[in-house]
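Notes to accompany the following structure.
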Amino acid sequence: MTARINASIVGLGTAGITRAATPPAKELARLAVLGALADAGLDRTDLDGLLICRTSAATDSILGPDLQKLLSLRDLSLLELVLCEGASAIAAIHTAAMAVTTGMATTVACVFADAPVVPGKRTSASFGRIKTGSGIEGLRYSAGLFGGAANYALAAQRYLAETGATEDALASVAVAMRQWATLNPQAIFRDPLTREDYFAARYIAEPLRLYDCAIPVNGAVAVIVTSRERAADLAQPPVPILSMAQGHRGSPDRRGLDLGLESGAGIAAPRLFEGTGVGPADIDVCLFYDAFSFSTLLSLEQYGFCGRGEAGDFVADGGIAPGGRLPVNTGGGHLSGYYLQGMTPVAEAVIQARGQGGARQVDGARTLLVTNEGGRFDYHAALLLGSAEHRE
Amino acid sequence: MSVEPPPIPEPDINSVPFFEGLAEGRLLVQICGRCGTAQLGHPDCDACGHAALEWQPASGRGTIYSFTRMHLSYHPAFADLVPYFAGIVALEEGPLLYGRFVVAEGTKVAIGQPVVAEIVHFEGAGAFPIFTTVTESQA
């Protein structure tokens, strides 16, 4: 759907992307927006919209609407926080595209920033924050299910049990991500990773081992969205938004929602492809939200690249690795690239669509699928992006 | 032995009777007065929208819906338990509930494995169910 969307991504900026100490998230966000403007060949006076995404742990004082003031942006016609956990970045781009299409704004920056890493402090201390929660949902912490790994482990365990897939499938994803990352100078983890290394690493939450889990970084990514007409005159090859869709399943506490076997992606996929003339067979590159390796397996199935329970076979023997049948997460994804939530797949999609991927560039990357996953597969948002050659 | 209790949530507006029940040693579920769907912590029926839900005792029996074995301790209460099993129980009545699993001799943790709830009280902190695996004949 969304055939009448008139919007392209025209600028990409990053800041930080390191495990070392950095300025706070708000400053990283400011630097990323300025970087994206410079990349697009725009000035800050060209911006009339600013959409801000942050982690669910952050507050207005960490990153809030006052980012406008730090950027010295005047008379904005659009300023919002867009909060949908891991799906926030693409959700923000959806809002930007709608605003640009309707004329509510002409040129909108979408930014995500996070700075959870304190050098010397354990990763689980950054992400497995001690919470008590409230209500019945909070009993997850009473049960000892802390951190994202526990959530995704519960989904992965069901998937393996129901489909007969093995931990080899998870290993294939982790190893493929590292292969891509070795080709990406911006990736955090670029040392080769073998299957033996994968299986020798400790479990975090079974069946997930160390290399199934993203590692936090400090950093920010911003993109600039404007109309296709304006996009044509700017500094970079424009990346048109061909379609966009979200899918949010709702209450997970009753039977009937098949944890690990379906997600919001299954709802979003038909909405995304509808009316575009594009299907899974036409996708040249996939950029999935892969905070945990398992997410990639489920994404492949939910978007129809393979049937239910077949993702393990799909990723075996380098199916999604460099030279494989379907390039997935060509920057190394969250697992080996960097974990800046929903902006990680967006940034890599822009790089690939422009043909700026260097050693990891996929030839003929004309139609790209980009996804965001939030919560425990609670929230899902997706983009279908084209390349400059796509302009009608 | 003084050990810090595990985190126990505060009731929210839709779960006060549930936590009161736990304090009294009872596991309760909400039953819809119209369609009979059992659920947990909803303001109105998650299946049909009916406003009248009644808290009723659950059997305490269920099966493992999914599980993990946690290998890291994020909280002092779990430091001596690592690695421990925890996951989601499908209660006999239908709703899904998070819990830690205690593995009884002669049983294992697996999807579909029967479990029974034991409500454990932590002095000054509250109470919540911990689930013990049981054999089919005990279920």
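General remarks:
- Flag for B:PRO76 being in contact (Cβ under 8 Å) with a residue 60 or more places away in the chain and either at the interface with chain A (Cβ under 8 Å from one of its Cβ atoms) or aromatic (Phe, Trp, Tyr) (or both): no
- Residue selected from segment A:130-165 under the condition of a type in the set (D, E, K, R) and part of a helix (DSSP H, G or I), by the criterion nearest to A:CYS306 (Cα to Cα): A:GLU162
- Verdict on A:GLY120 being modelled with pLDDT under 95, more than 7 Å from chain B (Cβ to nearest Cβ) and over 23 Å from A:ARG54 (Cα atoms): yes
- When the residues of segment B:96-106 are filtered to those that are in contact with a helix residue (DSSP H, G or I) (Cβ under 9 Å, 6 or more places away or on another chain) and either more than 9 Å from every other protein chain (Cβ to nearest Cβ) or not charged (D, E, K, R) (or both), the one that is surrounded by the most Cβ atoms within 10 Å (Cβ to Cβ) is B:GLY99.
- Any hit, segment B:37-53, residues being facing chain A (nearest Cβ under 7 Å) and among the hydroxyl-bearing types (Ser, Thr, Tyr): no
- In the set A:THR296, A:THR276, A:THR367, only one residue is hydroxyl-bearing (Ser, Thr, Tyr), touching a residue at least 24 places away in the same chain (Cβ under 8 Å) and surrounded by fewer than 18 Cβ atoms within 10 Å (Cβ to Cβ); that residue is A:THR276.
- Residue check, A:ILE267 buried (at least 17 other Cβ atoms within 10 Å of the Cβ) and farther than 30 Å from A:ARG19 by Cα: yes
- Being at pLDDT below 95 and of a type in the set (Gly, Ala, Ser) is true of B:GLY41.
- Scanning segment A:15-67 for residues that are in a helix (DSSP H, G or I) and of a type in the set (Ser, Thr, Tyr) yields one hit, A:THR45.
This table checks each residue for (1) in contact (Cβ under 8 Å) with a residue 12 or more places away in the chain; (2) touching a Pro at 6+ places or on another chain (Cβ under 7 Å); (3) within 14 Å of chain B (Cβ to nearest Cβ).
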position	(1), (2), (3)
A:LEU154	yes, no, yes
A:ARG158	yes, no, yes
A:ALA161	no, no, yes
A:SER172	yes, no, no
A:MET177	yes, no, no
A:TRP180	yes, yes, no
A:ARG190	yes, no, no
A:THR194	yes, no, no
A:ASP197	yes, no, no
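- Qualifying residue in segment A:200-207 (condition: at pLDDT 95 or above and away from chain B (no Cβ under 14 Å)): yes
- Residue check for B:ALA90: buried (at least 17 other Cβ atoms within 10 Å of the Cβ) and within 8 Å of chain A (Cβ to nearest Cβ): yes
The values are calculated or read from the model by the stated rules, or taken from the named source; none is laboratory data. Source: prediction; values computed, not measured. All Cβ positions, glycine included, derive from the backbone under ideal geometry; neighbour counts span all protein chains shown.
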